[in-house]
Amino acid sequence: MRRVALPDERDARANTLLDTEWIVTNGLGGYSSSTTAGVTTRRYHGILVAALPNPLGRVVMLNHLGERLVLNGHTTFLNSEERAGGRIDPDAAALIADVRLDAGLPVWEYQWQGVRLQKSILMPHQQNTVHVTYRLLDGPESTRLELHPAVHFRGYEDPVGSDVRSPSNARYAMAMSGGLHVLSTESGGLPPLRLKIVGADGHRFMADERVTSEFVYPVEESRGYEFRGALWTPGHFEIDLAVGSCITLIASTETEEVMLALSPDEAALCEQERRRRLILSAVPQAQDEIGAELVLAADQFIITPAGRVVDATRAAAMGNEVRTVIAGYHWFTDWGRDTMISLEGLTLMTGRQREAAFILRTFAHYVRDGLIPNMFPDGSNEGLYHTADATLWFFHAVERYVRHTGDQVTLTQLLPTMQDIIEHHVHGTGFGIGVDSTDDLLRQGKEGYQLTWMDAKVDGWVVTPRRGKAVEINALWYNALRLLQGWLTEVRGGEAAAAIRHRADCVYESFNKRFWMPDKGYLYDVVDGESGDDPQCRPNQIFSISLDHPVLDPSRWAPVLDVVERRLLTPVGLRSLAPGEHDYKKRYFGDLRSRDAAYHQGTAWGWLIGPWVDAWLKMHPGDRAGARRFLDGCIAALDQFGLGTIGEIFDAELPYTPRGCIAQAWSVAEVLRCWVKTAPDVTA
């Protein structure tokens, strides 16, 4: 259980409730999410955001659910479309006595004039269905609950204002069918939204069709996007409450048979059991209180992608189920780089080896010209390949998988693909990625593209192009060569690996000659770049130590770690650029251009705490307790922003405000992996 610490002071309480968000996912990429105040502040918020088959993708189907209590002729708003506007009245905030996660699922308790009402939300696994359940814990029998559904069917990335499905332009309608209230629109080919109240002896629907005109999304306003939009409501449900009884609003895009296959009680029991098994399947070091929370947070990112018919057919033919990794909520899809970095934490620490194997084989299937896809856009079956490092992280993920499982069959299957990848990199492949024959270092870069993990781009401006020979790309290149050398030696003997071994030796020599700056005691970020060698102090150099095969000479580890610790380390990860450098930004805020200008120019990244811990333990192999202390800030982040999960990024300086996605796969994965790695009495 994780509780939100609610201040007693009214305004502070209201701000805490607005700033803290929750998310429940369904294993398909769909979700239910809002602020703990119940106020919608983002275009991505929704009580039901369904993951529909391609090309529809994720669609906001039930945008908002207004809630009111009525007692003795008096009405109070728990939340409501009229009172939302991106804010919450301090008086309304005072009604929220408790907000917590129970086994990762959100629960609220409201108190008003002797009424104690509990609310909880869950999504049945693998369904585009949400259950919102209310239980009257105490209060007069005359207590009534009103629920006001409000909709604007739209893609979750679409602007909140006018479009063909806007309530101002489209014809929305509601009809009764088999005891269900069915909301639909004529435009866009979307499925209807089905609503049903379950468990109430007395409830009525009061028709009152209307369109709200000024629904405000303040987070979108602060991010420079359209922030005013309309919602349509057909009316509201009036439900008489009895002490101890539960009523549930079920909202779904599934068929009636599917959405009602489980009663709310059965759905809750099934989800509790599923979560219990997730924790018990994890490695023992991840079954303590913090580890279990991280295991449940990790589960949110592993999904069955809707509409990937070819992948699903291939998986079924092998006796598997198709799986992929969502990089972050609310707006990321599945990214190759994030998947490979996250794979160990999300799947191997959580006992999901079969899913890990399928993910690796799926990405191997999509290799084109020696590259794995950088991402699959939402609603698309075709990958984009503009990445220089995702493919090299693939080698790292395979190594960790084989080490953990001993699965030599999968390794043998993947080995020809990995040899092909190396050959393409040696001879040159897309986006200027290829080996420089003069020093065997890997260069990358093409005008207009951002190919490393520092990939911000806005209006054609690539903020950190890093074209040339980037430090982490070559650390990954060396690591991939040494891994392939070891696998070839094991499978086919040393002679088959001789050429790879020789190339790796050359990379090691060239790297230490070219990247080391003896006057500064750390590494160039890029050599042979567009403007020569780039001496900016960035975290990318840590990979020259942290990877399984460190490319940096051990005599240089100590000074590099010292510089990274002094200039880049924060309680919540590593800064992307050191203070004092020319383009350093201490805060990530403002419109899209301002944010992207800061994205990799100082902003701290939670996932980088993982390689920092790895590097630290290379230098201090017995100091697991000291290494675990580096995780304290990220663990504390479970209390804020995305409740029970870890966000994407943080401001570079105090108070290290969380920014970006409220839940990020590699942040959760790397903290979980390092939580296990630093557990007492576990060999690092």
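The values are calculated or read from the model by the stated rules, or taken from the named source; none is laboratory data. Just so it is clear, the structure is predicted and the values come from calculations on it, not from any experiment. No Cβ is skipped: glycine too gets one built from the backbone with ideal geometry, and neighbour counts run over all protein chains shown.
Consider region 522-549 and keep the residues that are among the small types (G, A, S) and touching a Pro at 6+ places or on another chain (Cβ under 9 Å). The one that is surrounded by the most Cβ atoms within 10 Å (Cβ to Cβ) is S544.
Per-residue answers, yes or no, for (1) of a type in the set (A, V, I, L, M); (2) in contact with a Ser or Thr (Cβ under 9 Å, 6 or more places away or on another chain); (3) closer than 17 Å to Q126 by Cα:
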residue	(1), (2), (3)
M318	yes, no, no
W335	no, yes, no
M340	yes, yes, no
L348	yes, yes, no
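Consider only pairs whose beta carbons are under 7 Å apart and that are at least six residues apart or on different chains; among these, list those whose first residue lies in region 295-321 and is surrounded by fewer than 16 Cβ atoms within 10 Å (Cβ to Cβ) and whose second residue is modelled with pLDDT of 75 or more and of a type in the set (A, V, I, L, M, F, W, C). Every condition considered, the pairs that remain are E321/A315. Given the condition in contact (Cβ under 8 Å) with a residue 60 or more places away in the chain, buried (at least 24 other Cβ atoms within 10 Å of the Cβ) and in a helix (DSSP H, G or I), answer yes or no: does some residue in region 493-502 qualify? Within region 493-502, not a single residue is in contact (Cβ under 8 Å) with a residue 60 or more places away in the chain, buried (at least 24 other Cβ atoms within 10 Å of the Cβ) and in a helix (DSSP H, G or I).
Looking only at region 78-93, decide whether some residue is assigned to a strand (DSSP E or B) and closer than 23 Å to V243 by Cα.
yes
So, of the residues in region 279-319 that are among the small types (G, A, S) and touching a Phe, Trp or Tyr at 6+ places or on another chain (Cβ under 8 Å), which turns out to be modelled with the lowest pLDDT? Across region 279-319, the extreme among qualifying residues is A315. Exactly one residue out of L552, L568 is surrounded by 23 or more Cβ atoms within 10 Å (Cβ to Cβ) and over 18 Å from V671 (Cβ atoms), and it is L552. Counting residues in region 467-486 that are touching a His at 6+ places or on another chain (Cβ under 6 Å), buried (at least 22 other Cβ atoms within 10 Å of the Cβ), not in a helix (DSSP H, G or I) and not assigned by TED's automatic domain parsing to the domain that holds L415 gives zero.
Restricting the first member to region 513-532 and to residues that are without any contact (Cβ under 8 Å) to a residue 24 or more places away in the chain, and the second to residues that are in a strand (DSSP E or B) and of a type in the set (A, V, I, L, M, F, W, C), the beta-carbon pairs closer than 8 Å and six or more apart or on different chains are M517/L523. Restricting A637, A578, A669, A665 to those that are outside the structural domain of G27 (by TED's automatic domain parsing), more than 16 Å from G328 (Cα to Cα) and of a type in the set (A, V, I, L, M, F, W, C) reduces the list to A578.
Is there a residue being assigned by TED's automatic domain parsing to the domain that holds F237, part of a loop (DSSP other than H, G, I, E, B) and over 30 Å from R223 (Cα atoms) anywhere in region 143-159? Yes, some residue in region 143-159 is assigned by TED's automatic domain parsing to the domain that holds F237, part of a loop (DSSP other than H, G, I, E, B) and over 30 Å from R223 (Cα atoms).
Taken together, the residues in region 196-236 that are within 16 Å of H64 (Cα to Cα), touching a helix residue (DSSP H, G or I) at 6+ places or on another chain (Cβ under 8 Å) and either surrounded by fewer than 19 Cβ atoms within 10 Å (Cβ to Cβ) or not assigned by TED's automatic domain parsing to the domain that holds A173 (or both) amount to 1.
Of all residues in region 122-138 being among the hydrophobic types (A, V, I, L, M, F, W, C), surrounded by 19 or more Cβ atoms within 10 Å (Cβ to Cβ) and not in a loop (DSSP other than H, G, I, E, B), which is farthest from the chain's Cα centre (by Cα)? Only one residue tops the list, namely L136.
Taking the criterion of being surrounded by 24 or more Cβ atoms within 10 Å (Cβ to Cβ) and either among the hydroxyl-bearing types (S, T, Y) or in contact with a His (Cβ under 8 Å, 6 or more places away or on another chain) (or both), the only residue of region 664-679 that qualifies is S667. Might you check whether a residue that is assigned to a helix (DSSP H, G or I), at pLDDT 95 or above and touching a Lys or Arg at 6+ places or on another chain (Cβ under 7 Å) occurs anywhere in region 259-271? Taking every residue of region 259-271 in turn, at least one turns out to be assigned to a helix (DSSP H, G or I), at pLDDT 95 or above and touching a Lys or Arg at 6+ places or on another chain (Cβ under 7 Å). Do we find that G379 is of a type outside the set (K, R), more than 21 Å from A456 (Cβ to Cβ) and modelled with pLDDT of 95 or more in this structure? No; evaluated as a whole, the condition is false for this residue.
Residues in region 99-118 that are more than 25 Å from the chain's Cα centre (by Cα) and either not in a loop (DSSP other than H, G, I, E, B) or not assigned by TED's automatic domain parsing to the domain that holds N26 (or both): how many?
Of the residues in region 99-118, 8 are more than 25 Å from the chain's Cα centre (by Cα) and either not in a loop (DSSP other than H, G, I, E, B) or not assigned by TED's automatic domain parsing to the domain that holds N26 (or both).
Once region 193-229 is narrowed to residues that are part of a loop (DSSP other than H, G, I, E, B) and more than 28 Å from the chain's Cα centre (by Cα), the residue that is modelled with the highest pLDDT is G199.
Got a number for residues in region 638-684 being free of Cβ contacts under 8 Å to residues at least 12 places away in the same chain and assigned to a helix (DSSP H, G or I)?
0
Can you pull out the residues in region 425-434 that are over 13 Å from Y385 (Cα atoms) and either at pLDDT below 95 or surrounded by fewer than 20 Cβ atoms within 10 Å (Cβ to Cβ) (or both)? Selection gives V426, H427, G428, G434. In this structure, F650 qualifies as surrounded by 24 or more Cβ atoms within 10 Å (Cβ to Cβ), at negative phi, at pLDDT 95 or above and touching a Phe, Trp or Tyr at 6+ places or on another chain (Cβ under 9 Å). Among the residues in region 60-67, are any farther than 23 Å from V4 by Cα, buried (at least 20 other Cβ atoms within 10 Å of the Cβ) and of a type in the set (D, E, K, R)? No: zero hits. Filtering region 1-42 to residues that are hydroxyl-bearing (S, T, Y) and either more than 20 Å from the chain's Cα centre (by Cα) or surrounded by fewer than 21 Cβ atoms within 10 Å (Cβ to Cβ) (or both) leaves T16, T20.
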